Amino acid sequence: MTRAQTRVVVLGGGPGGYEASLVAAQLGAAVTVVEAEGIGGSAVLTDCVPSKTLIATAQVLARARESGQLGLQLLAGDGWAPVDLAAVNSRVLALAAAQSADIAESLRSRGVQVVTGTGRLAGRDAGPRGGHRIAWSAPGLNGQPGLNGQPGLNGEPVAGGELIADVVLVATGASPRVLPGAEPDGERILTWTQLYGLAELPDHLVVVGSGVTGAEFASAYRSLGARVTLVSSRDRVLPGEDADAAGVLQDVFARRGMSVLARSRAASVTRTHDGVTVTLTDGRRVTGSHCLVAVGSVPNTSGIGLVEAGVELTGSGNVAVDRVSRTGVPGLYAAGDCTGVLLLASVAAMQGRIAMWHALGDAVTPLDLDQVCANVFTDPEIATIGPPPDDSVRAVTLPLAGNARAKMQGFGDGFVKLYCRPATGILTGGVVVAPGASELVHPLSLAVADRLTVDQVAQAFTVYPSLSGSIAEAARRLHTRALA
Ligand SMILES: Cc1cc2nc3c(=O)[nH]c(=O)nc-3n(C[C@H](O)[C@H](O)[C@H](O)COP(=O)(O)OP(=O)(O)OC[C@H]3O[C@@H](n4cnc5c(N)ncnc54)[C@H](O)[C@@H]3O)c2cc1C
C-alpha cells in the first residue's frame, strides 16, 4: 500500500490529533480527524490557551503593582486595581475560539477532512484490506452539538457515519478529575474549564490542589487582586517540581499575601448561601467566595471501543503505548493525555507526529522524555529541561538577584540551575526561575538535545545585559568545578 492509499483516522483534534493529521497529510495519506468539541482540543479551548491568556493579563497587573521600585506609581491606594473580569474572560474565550478556527482552517487547507462528532472504534472491516471501522455521531461529548457547529464530511448536516482506516490514532485527551463531595456546580465550585464563565473577580478564591494547574491559577488570581487560599495536600506547592524553584515560588506567594495551607487535604467542598466551605480531612474548614478544584485529570478512554479492540489500558485507564506511540494492536496508535505519558501539549503533539512518521514509514526517532522542556506559568515562571538530577550530576545554582538586567527590571526572585556530567561536562538539564523562563529555557533545550558541553554553552555570546547572561555564567562556573 502506498502512502497515498493509506487511510488515516484521528480520534480527537487536540495537539496530539491535529499535529498528527498535519504530518500524515504532508506524507500524502488520506486523513480524517473526528473531533467532538472543537479543533484544538482542550489545549486550545479550555486548558493551555485560555489559561495562558488570562495569565498574560495578570502579569501586566503584577508588573504594574510592583512598579513602585522602578520609581513609578501606576496604581493608587493599596495597589489592587479593580479588574473587569467579564472583559478579560471575553477576550480569553474569543482568542481561544479564533485559535481553534485557525487550526481547523490550516487542517482543511492541507486536505484533512474534519468531522465534528464523537467517534468510537467499531470493530474490523470485512473488506479485502481489513482496517478499523470508526463509527461517529454528530452530537458532542456532552450531548451538545459540536462547539464550532461544523457539519459533516461534505457540508451537509448529518447525524453520524462510519469511516474505515488502515491507521487509527486515538488522541482523545483527558477531563478534569472530580473529587467526590466536591462536585462542580459551575458557579461557585469550579473546574479550570469553568473559570472563564466568571463575570466578576472572586472576592476569595480557594484553590484545592497545588500542582501546576492549581499553582498557576492561584498565582494569576492573586495578581488580578483576588484573595487566594491554596490548599496543598503536600509539604509544599508544586510537589512534582524542583524543590528550590518551589521554595522561591512559595516565598513570593507569601510576600504577595497568598495563604498556603500545607499538608491539608480537602475532603469536601460545599456551597453556603454566599460562598463555599472547604472541609479538610482533619476537620478544619476554609471558607471563601469560590473554589477551584484542580486535582488532576482522568483520561477520556472509556466507551470508545478500546477494550473491545484489544487495546491495553493501564490501571489509571490510560492507553498503554510504546515510544513510537503504538498500542499492542496493529494499526492502532495513541498520543497525548489519553496515554498519560506526560500531560503536556508539546508532548502530545510530538507523540502524534511520531505515530504518523512510524505508521507511514518515514524516519522516526522514538520519544525521549529526557529532552522534554516544560514550564510552570506562575509569576515568576519555572522552566525545566532534562530528567530530575541524581547524585551522578554536578550542579551549579546562580541566583538572578546578582544579574544586572534583573536589577534593572526590578526583580530578584529566581535563579538559573544547570546540571552536567562531571566526567564529560555534557549538559544534562537545568531549571530557570524567572519572568519569561519559558523563553529563556530554549538554549538549554538545544544544548541538551545536541549534547553540548558546559564549555560550549559558556563560549556562545550572550547579550549584555541579559538574563541569558546568567545561563552562560552558570555554564562557566561548572567548568571551574569540573576542573577542581
Ligand atoms: C489548565 C491547564 C493548562 C495547561 N497549560 C499547558 C501549557 O501551557 N503547556 C502545555 O504544554 N500543556 C498545558 N496543559 C496540558 C495540555 O492541555 C494537554 O497536555 C493537552 O491538551 C493534551 O493534548 P491532547 O491532544 O492529548 O488532548 P486534548 O487537548 O484534550 O484534545 C483531545 C480532544 O479529543 C476530543 N475527544 C475526546 N473524545 C473524543 C471522541 N470519542 N471522539 C471525538 N473527539 C473526542 C476532545 O473533545 C478534545 O478536543 C495544560 C493543562 C491544563 C489543565
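The values are calculated or read from the model by the stated rules, or taken from the named source; none is laboratory data. Please read these numbers as outputs of a predicted model, since none were measured by experiment. Positions of Cβ are generated from backbone atoms using ideal geometry, with glycine treated the same way; all protein chains shown enter the neighbour counts.
Tabulated results
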| item | result |
| --- | --- |
| Residue list for the range 22-35, restricted to those being near the ligand (Cβ under 9 Å from one of its atoms) and either among the aliphatic types (A, V, I, L, M) or more than 21 Å from the chain's Cα centre (by Cα) (or both) | V33, V34 |
| Failed criterion for K52 (all others in (1) within 16 Å of the ligand (Cβ to nearest atom); (2) under 24 Å from G214 (Cα atoms); (3) buried (at least 21 other Cβ atoms within 10 Å of the Cβ); (4) not β-branched (V, I, T) hold) | (3) |
| Residue satisfying condition, being out of contact with any strand residue (DSSP E or B) (no Cβ under 7 Å at 6 or more places or on another chain) and away from the ligand (no atom under 12 Å from the Cβ), within set T46, T57 | T57 |
| Qualifying helices (runs of 4 or more DSSP H) (wholly inside the range 417-462; at least 2 residues being free of Cβ contacts under 8 Å to residues at least 60 places away in the same chain and surrounded by fewer than 18 Cβ atoms within 10 Å (Cβ to Cβ)) | 454-459 |
| Test for G247: is it under 25 Å from the mean Cα position of the chain (by Cα), part of a helix (DSSP H, G or I), surrounded by fewer than 20 Cβ atoms within 10 Å (Cβ to Cβ) and free of Cβ contacts under 8 Å to residues at least 24 places away in the same chain | yes |
| Per-region count, the range 193-220, residues touching a helix residue (DSSP H, G or I) at 6+ places or on another chain (Cβ under 6 Å) and farther than 16 Å from R256 by Cβ | 4 |
| Flag if E19 is within 9 Å of the ligand (Cβ to nearest atom) and at pLDDT below 95 | no |
| The range 44-65 residues that are among the basic types (K, R), paired with ones that are not in a helix (DSSP H, G or I) (beta carbon under 7 Å, 6 or more apart) | K52/F377; R65/L75; R65/G79 |
| Counted residues, the range 167-209 - those being out of contact with any His (no Cβ under 6 Å at 6 or more places or on another chain), over 20 Å from V231 (Cβ atoms), of a type outside the set (G, A, S) and within 15 Å of the ligand (Cβ to nearest atom) | 4 |
| Which listed residue is at pLDDT below 95 and either away from the ligand (no atom under 15 Å from the Cβ) or at negative phi (or both), from R3, R7 | R3 |
| Scan of the range 11-54 for residues that are of a type in the set (S, T, N, Q) and either touching a Cys at 6+ places or on another chain (Cβ under 9 Å) or closer than 18 Å to T339 by Cβ (or both), ordered by number | S21, S42 |
| Selection status of D379, under 27 Å from the mean Cα position of the chain (by Cα) and under 25 Å from G68 (Cβ atoms) | yes |
| Unmet requirement for G303, which otherwise passes all of (1) without any contact (Cβ under 8 Å) to a residue 60 or more places away in the chain; (2) surrounded by fewer than 19 Cβ atoms within 10 Å (Cβ to Cβ); (3) in a loop (DSSP other than H, G, I, E, B) | (1) |
| Any hit, the range 191-200, residues being charged (D, E, K, R), touching a residue at least 12 places away in the same chain (Cβ under 8 Å), in contact with a Lys or Arg (Cβ under 7 Å, 6 or more places away or on another chain) and closer than 22 Å to D274 by Cβ | no |
| Qualifying position, being within 8 Å of the ligand (Cβ to nearest atom), at positive phi and assigned to a loop (DSSP other than H, G, I, E, B), among G38, G13 | G38 |
| Of all residues in the range 210-241 being touching a Gly at 6+ places or on another chain (Cβ under 9 Å) and part of a helix (DSSP H, G or I), the one that is surrounded by the most Cβ atoms within 10 Å (Cβ to Cβ) | A215 |
| Tally, over the range 74-90, of residues that are loosely packed, with under 14 Cβ neighbours inside 10 Å and at pLDDT 80 or above | 5 |
| Members of the range 161-182 found to be farther than 30 Å from H358 by Cα and surrounded by 13 or more Cβ atoms within 10 Å (Cβ to Cβ), listed by number | P176, R177, V178, L179, A182 |
| Filtered residues of the range 354-379 (kept if hydroxyl-bearing (S, T, Y) and in contact (Cβ under 8 Å) with a residue 60 or more places away in the chain) | T378 |
| Residue in the range 318-375 that is farthest from the ligand (Cβ to nearest atom), counting only those that are assigned to a strand (DSSP E or B) and surrounded by fewer than 21 Cβ atoms within 10 Å (Cβ to Cβ) | R326 |
